[in-house]
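The block underneath contains the structure these notes are about, expressed in structure tokens.
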Amino acid sequence: MTTETKNVEEASDFLDLSSIKPMEELLQEKVQAEFIANTIVEGTIIEKRDNGTLVDIGYKAEGFLSAEEFDNWTEVKVGDKIDVFLEEIENANSMPGISAKKAVFQKAWTTIINEYKEGSVVKGVMKSRIRGGVMVDVMGIEAFLPGSQVDVTPVRNLDDYLNKEYDFKILKINHERRNIVVSRRELLEEDMAEKRAVIMSSIEVGQLRKGLVKNITDFGAFIDLGGMDGLLHITDMSWGRISHPSEMIEVGQELEVMILAIDTDRGRISLGLKQKSDNPWASVADRYPVGSRVKGRIVNLMPYGAFMEIEQGIEGLIHVSEMSWTKRITKASDVLKAGDEVEAVVLDVRKDQKKISLGLRQTDRNPWEALAEKYPVGTKIKGKVRNMTSYGAFVEIENDIDGMIHISDMSWTRKINNPNEILKPGDEVEAVILDIDSEQQRISLGMKQAETDPWAEIDKLYKIGDKVKGLVAKITAFGAFIELSHKIDGLIHISQISKERVERVKDVLKLGDEVEARVIKIDPAERRIGLSIRALDEDFSEAEIKKVADQVSKEIDGAMVGMGEAFDDALSILEENVKKKADRKTADKKNDDESEKTASAPEDEVEVKPEEKAVETELESTPEPEVTPEVKEASEAEAISETRETSETEAQPERKVEKKKDD
């Protein structure tokens, strides 16, 4: 037994040693007492591995830090001193649990709460985008920056701000949750307010200032004048025409602009770019007088015309109506395109309205003037029908120049209601030049003027009482038109078709039927011929028929409806007189003296009984009937009239040539 053991045994007789801890345990407790969890301790990197480092903090075992704990892992080396946060003294692996990032956070958080407060300004780096904003690294602490607080204007791309250092204002510090909310916008607004006050105190209308294009819109651009924005409207960018501000400027471009207006109450400034140069419209009338020729470039096309830039800031309009002498241009793009270099003639200058009217066709001679020299009035021409309307037909003369034949100039004898009654597109016709209006670009032609007017010799062609034949050319409700020789139409009124009452003309006559009738009226002045089938079989003398026709004309004053009724009454009287004459002749045969007297007596001295005289007197004394509007508008009176229409409907253009009645 050794002396030490003997001493222990002897001591145990006097002391209770069972409660005394072993030396190793006492040493362990001493080491642990020197380390406190959730505190920051200093350590040394003693080994660097691929995935992390071993750190000696003075504990019996080393702690492990992963590579993610370091912001500059490639620069870490053995022997570096590093502060770590002691999360736990000993973990499941019998190693101290440590963290470098938490140590940084703890030191930064302590610094912030000790040195900064809400409203303080700190520096930070925008690290990453999250929902609703950006995370900012402020001295190792991740602070939240709402998206609305990034800039004073809406941010289109947050990525442009990442990994850049800015000043931020602390809006809120939450001690319990240990987070911070910051703003960059408030600092910018405060800075701008200071600069705005300085600018507003020194700025003046008419002053020139430099600025940067901050933003471009459809209506203009906002220029940063060094802390305050001004609006450069699109209309103040150029004296010429631009469709969008981006045609002249771009974001970030430096411009020198003129101060046009200042609104101190609303804090707004209006800027101008074109005002730096003289207004080119001030002397435009002197530089481009009416009639002068100019050259330029087509800069814009519209359906109604093309805009030509004569010089910077000066544009003129070439209307579609001024592009061609002969062709009808409906769209400017059919003739011109943007970028074309053209020559035009100045037609009009309106300096106050900043408008110049240009003509493209005026660079060539007016072909209508040349045509007037080549084809004087009265010249016969031949051409093809190109187009027709309800009031006439257009005939090509030459080089896309058309002349119009009005329906009243198509026939001497027929009343043409629509040109398609005698013409169709493609027909070749012969006509006479009646008038040429070079200014209005109109040529009036006449077909009938190329022929002899048969009415000029009507007395040689027909006489009252003549029996004539013709074809039914047209049927109306009031009668039928018969085409006679020389293309002259005569009218058989419905009352003159038969002795019996006719309800409808088409029940008796058909188009194309050959008809024989007697001429009962000829009016050269009104170009009318009245026919009667009813009078065909009666033995009327020319004098009797003419007398009846005169009575009819006097009573109806040219209205064919009344004419038919009057003829009916007059012919009934004549028929009755003829019958009575025949009866008297039969009775007078018994008396030779009376028969001889009757046979030798003139026809117009035939004795007329008192009752017959009363009828004739009543007919002669009948006052002229009032021509009511209905009678005037009656289609039959209109149709029988072969005279030209002297007034035009809204659908017919104004006639260019006055015609004499005897044409």
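The values are calculated or read from the model by the stated rules, or taken from the named source; none is laboratory data. Just so we're clear, the structure is a prediction, and the values are computed from it rather than from any experiment. So basically every Cβ, Gly included, is an ideal-geometry build from the backbone, and we count neighbours across all protein chains shown. For accessibility, only protein heavy atoms count, side chains too; no ligands or nucleic acids. Shrake-Rupley method; radii C 1.70, N 1.55, O 1.52, S 1.80 Å.
Can you pull out every residue in the stretch 121-137 that is open to solvent by less than 30 Å² (accessible area, probe 1.4 Å), farther than 30 Å from residue 39 by Cβ and among the hydrophobic types (A, V, I, L, M, F, W, C)?
126, 134
Go through 90, 68, 47, 118 for me and flag whichever is assigned to a strand (DSSP E or B) and open to solvent by 50 Å² or more (accessible area, probe 1.4 Å).
Answer to the selection: 47.
Specify the residue that is nearest to the chain's Cα centre (by Cα); the eligible residues are those in the stretch 403-419 that are open to solvent by 40 Å² or more (accessible area, probe 1.4 Å) and at pLDDT 85 or above.
Ranking the candidates gives 418 first.
Every residue in the stretch 379-427 that is under 15 Å from residue 448 (Cβ atoms) and in a strand (DSSP E or B), please.
Passing the criteria: 380, 381, 392, 393, 395, 403, 404, 405, 406.
Given the condition of a type outside the set (Phe, Trp, Tyr) and more than 48 Å from the chain's Cα centre (by Cα), answer yes or no: does some residue in the stretch 441-450 qualify?
no
Output yes when any residue across the stretch 264-275 is open to solvent by 20 Å² or more (accessible area, probe 1.4 Å), in a strand (DSSP E or B) and on the phi < 0 side of the Ramachandran plot, and no when none is. First the steps, then the outcome.
Of all residues in the stretch 264-275, those open to solvent by 20 Å² or more (accessible area, probe 1.4 Å) come to 264-268, 270, 273-275.
Then drop every residue that is not in a strand (DSSP E or B), which leaves 268, 270.
The next check asks that each one be on the phi < 0 side of the Ramachandran plot; those that pass are 268, 270.
Looking through the stretch 264-275, at least one residue is open to solvent by 20 Å² or more (accessible area, probe 1.4 Å), in a strand (DSSP E or B) and on the phi < 0 side of the Ramachandran plot.
Quick grid of which residues meet (1) closer than 15 Å to residue 262 by Cβ; (2) in a loop (DSSP other than H, G, I, E, B):
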{"site": "205", "(1), (2)": "yes, yes"}
{"site": "218", "(1), (2)": "no, yes"}
{"site": "223", "(1), (2)": "yes, no"}
{"site": "240", "(1), (2)": "no, yes"}
{"site": "243", "(1), (2)": "no, yes"}
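Go through the stretch 332-370 and give me each residue that's assigned to a loop (DSSP other than H, G, I, E, B) and either more than 26 Å from residue 398 (Cβ to Cβ) or aliphatic (A, V, I, L, M) (or both). I'd like the intermediate steps shown before the answer.
So in the stretch 332-370, the residues assigned to a loop (DSSP other than H, G, I, E, B) come out as 335-340, 351-354, 360, 364-366.
Listed by number, the residues that qualify are 335, 336, 337, 338, 339, 340, 351, 352, 353, 354, 360.
Residues to consider are 489, 453; find the one that is surrounded by 13 or more Cβ atoms within 10 Å (Cβ to Cβ) and closer than 26 Å to residue 384 by Cα.
Every option except 453 fails the conditions.
What pairs come out if I take residues in the stretch 233-245 that are closer than 13 Å to residue 221 by Cα and pair them with residues that are assigned to a loop (DSSP other than H, G, I, E, B) and open to solvent by less than 70 Å² (accessible area, probe 1.4 Å) whose C-beta lies under 6 Å away, six or more apart or interchain?
Filtered contacts from the stretch 233-245: 237/273.
Give me the residue from the stretch 138-157 that is in a strand (DSSP E or B) and surrounded by 18 or more Cβ atoms within 10 Å (Cβ to Cβ) and, out of that set, modelled with the lowest pLDDT.
Checking each candidate, the answer is 141.
As an exercise: evaluate residue 382 against (1) closer than 30 Å to residue 420 by Cα; (2) without any contact (Cβ under 8 Å) to a residue 40 or more places away in the chain; (3) of a type in the set (D, E, K, R) and give the number of the one condition it does not meet.
Result: residue 382 passes all but (2).
Filter the stretch 278-322 down to the residues that are over 18 Å from residue 339 (Cα atoms) and in contact with an Asp or Glu (Cβ under 8 Å, 6 or more places away or on another chain), then identify the one that is most open to solvent (accessible area, probe 1.4 Å).
Among those residues, the one meeting the criterion is 293.
So which of 464, 397 ends up being farther than 30 Å from residue 322 by Cα and either surrounded by fewer than 19 Cβ atoms within 10 Å (Cβ to Cβ) or out of contact with any Ser or Thr (no Cβ under 8 Å at 6 or more places or on another chain) (or both)?
464
With respect to the numbered conditions (1) in a loop (DSSP other than H, G, I, E, B); (2) buried (at least 18 other Cβ atoms within 10 Å of the Cβ), which one is the sole condition not fulfilled by residue 440?
Exception for residue 440: condition (2).
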